[in-house]
Amino acid sequence: MSFEDLNLNSAIIKAISDAGYTVPTPIQKQAIPELIAGHDVMASAQTGTGKTAAFMLPALHLLATPSQARSRGPRILVLTPTRELALQVSEAAKKYGKYLPRINVVSILGGMPYPLQNKLLSQPVDILVATPGRLIDHIQRGRIDFKRLQMLVLDEADRMLDMGFIDDVETIAAATPDTRQTLLFSATLDNAIDKVATKLLKAPKRIQVASQKAKLDNIEQRLHYADDMSHKNRLLDHVLRDENVKQAIVFTATKRDADTLADNLYSQGFSAAALHGDMNQRERTRTLTRLRNGGLQVLVATDVAARGIDVADITHVINFDLPKFAEDYVHRIGRTGRAGAAGIAVSFASNKDSAHLSKIERYTGQRIVSHIIPGLEPRVKPRFQSNGPKSAPSVAQKRKRAPFSDQDNRPAFGAANESGRPRSGQRGRPFDQENRGNSFRSNSSNKAGFQAARTK
């Protein structure tokens, strides 16, 4: 099947062709015809499977026909849980709709100045991409008119549920016309998502394509046991100095840890910066732009970055700290192995993490194989015995172009990086959701490891 077979507008087909794609992914094959037919849809699709295009291409097809309603308000509204994902969706809309006449895409996000957003909303808007909290602010101030809204998209609905945004989503939906078409995309379709769908969707078509296991088949998962923080630092240094690492994301449990670790990596000669929720929008955008342009080799992030980052040259994801929830493990490592390329996910753990590792393996249906690095062996023999499958996931030996997905082709990480030290956010922030757990502790006696965290 080709995109021409999906009966999309010719201007959209041209934009897709410019990107070099002709074959839709499974989620696109199933969702696009249902959406063009006008049905509500609830779909389960993993990151990297082309889900953004699965709803954005039909949305743009809808915009190809002029609206009869007189209003400056949006015809398409996309709600996302994070700013990073919102920006990714906005970029996709502009790319796929570049040949359609006068398509105005606006992003309304927390962290952006209100005067700029007020100016953007004062002009006609075709596609509005927003995070729930900031959008409600504008709705309450009467700055958005939904009279001509035709499609509401809930992207990463499970994440919005986890982050406590569902009440806001329901408030926003109540402000839109009952005649709207509603789309719900989620990594999983469980009872909680079903309850949301019952409230917001009308006789939806249910689509479920990619299982967790299928999504991870092109990612090699490795486990390294660490005795203490000093050992963990040395393991990280060894992994990042591998010549096969183009770009990597290192996940930490807290914002403070992300800042400290990014500073330490920078002092060790890596092009590194942090990304977390305490950074303002300008800082976050600048950091992500450096990552996408190849000017940043290592991004140290909290789970705020686990969804919405789509960079082709991320070859490694490293769980410096294991995530709290097994679902977040899948979203973290899904930052590599994009569009069928091979990727490597490395996790550091201690014996006390055995129960948590078992949960992750049960959730993914795959075993995380333990590896030993000569000279960096754990002193304490691991007690953990995997309950997962006996065989490790297969890994592609070379990168191949996959069916059309949400990613851009990005330049490879190069030797020339931006000069100057990356700004990695403020420290000493109050205890909050991202600051759970113990702070990063550097061991100054570890000469091979990272330098001790600086104190003010």
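The values are calculated or read from the model by the stated rules, or taken from the named source; none is laboratory data. If you're wondering where the values come from, they're calculated on a predicted model, not measured in any experiment. Note that we place each Cβ from the backbone using ideal geometry, even for glycine, and neighbour counts take in every protein chain shown.
Return the total of residues in the range 163-191 being under 19 Å from the mean Cα position of the chain (by Cα) and without any contact (Cβ under 8 Å) to a residue 12 or more places away in the chain.
1
Assuming S347 fulfils every condition listed in (1) touching a Leu at 6+ places or on another chain (Cβ under 7 Å); (2) surrounded by fewer than 20 Cβ atoms within 10 Å (Cβ to Cβ); (3) not aliphatic (A, V, I, L, M) apart from one, which condition is it?
(2)
Name the single residue, out of those in the range 287-311 being at pLDDT below 85 and assigned to a helix (DSSP H, G or I), that is farthest from I333 (Cα to Cα).
Just the residues of the range 287-311 that are at pLDDT below 85, to begin with: 303-311.
Remaining after also requiring assigned to a helix (DSSP H, G or I): 303-305.
Numbers: D303: 11, V304: 13, A305: 11 Å.
This residue is V304.
Got a sec? Which strands (runs of 3 or more DSSP E) wholly within the range 92-177 have at least 2 residues that are among the β-branched types (V, I, T) and in contact with a strand residue (DSSP E or B) (Cβ under 6 Å, 6 or more places away or on another chain)? Please lay out each step first, then the result.
Details: elements: 105-108, 127-130, 151-154.
Per the criteria, 105-108, 127-130.
Restricting to the range 11-46, name every residue that is within 26 Å of A157 (Cβ to Cβ) and touching a Leu at 6+ places or on another chain (Cβ under 6 Å).
I12, I32, D40, V41, M42, S44
Conditions: (1) assigned to a helix (DSSP H, G or I); (2) surrounded by 22 or more Cβ atoms within 10 Å (Cβ to Cβ); (3) hydroxyl-bearing (S, T, Y). T336 meets all but one. Number of the miss?
(1)
Here is a list: D328, D321. Which entry is modelled with pLDDT of 90 or more and of a type outside the set (A, V, I, L, M, F, W, C)? Write out each step before concluding.
Details: D328 fails: modelled with pLDDT of 90 or more.
None of the others qualify; the one that does is D321.
Report yes if R241 is at pLDDT below 95, surrounded by fewer than 21 Cβ atoms within 10 Å (Cβ to Cβ) and farther than 30 Å from E91 by Cα, otherwise no. Working first, answer last.
Working: at pLDDT below 95: yes; surrounded by fewer than 21 Cβ atoms within 10 Å (Cβ to Cβ): yes; farther than 30 Å from E91 by Cα: yes.
Yes; evaluated as a whole, the condition is true for this residue.
Give the range 255-286 a look and list any residue that's among the hydroxyl-bearing types (S, T, Y) and either at pLDDT 90 or above or at positive phi (or both), or say none.
Residues of the range 255-286 that are among the hydroxyl-bearing types (S, T, Y), as a first pass: 260, 266-267, 271, 285.
Scanning the range 255-286 gives T260, Y266, S267, S271.
So, Y99, is that one over 20 Å from the mean Cα position of the chain (by Cα) and closer than 23 Å to Q28 by Cβ or not? Step through it out loud before you land on a result.
Working: over 20 Å from the mean Cα position of the chain (by Cα): yes; closer than 23 Å to Q28 by Cβ: yes.
Against the criterion (over 20 Å from the mean Cα position of the chain (by Cα) and closer than 23 Å to Q28 by Cβ), Y99 qualifies.
To keep it simple, each residue is scored yes or no on (1) surrounded by fewer than 19 Cβ atoms within 10 Å (Cβ to Cβ); (2) in the same structural domain as R335 (by TED's automatic domain parsing).
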residue	(1), (2)
M163	yes, no
A187	no, no
K199	yes, no
R206	yes, no
N218	no, yes
L223	no, yes
T254	no, yes
D257	no, yes
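On the given criteria, is L299 in the same structural domain as I219 (by TED's automatic domain parsing), touching a residue at least 24 places away in the same chain (Cβ under 8 Å) and within 20 Å of N264 (Cβ to Cβ)? So that I can check it myself, show each step before the final result.
Numbers: in the same structural domain as I219 (by TED's automatic domain parsing): yes; touching a residue at least 24 places away in the same chain (Cβ under 8 Å): yes; within 20 Å of N264 (Cβ to Cβ): yes.
Criteria met by L299.
Looking for something under 19 Å from R284 (Cβ atoms), at pLDDT below 90 and among the hydroxyl-bearing types (S, T, Y) - is there at least one such residue anywhere in the range 96-111?
no
With the requirement that a residue be part of a helix (DSSP H, G or I) and crowded, with 24+ Cβ neighbours inside 10 Å, what does the range 266-283 give you? Talk me through it step by step, then tell me what you get.
Within the range 266-283, the subset part of a helix (DSSP H, G or I) is 266-267, 281-283.
If the condition is that a residue be part of a helix (DSSP H, G or I) and crowded, with 24+ Cβ neighbours inside 10 Å, then no residue fits.
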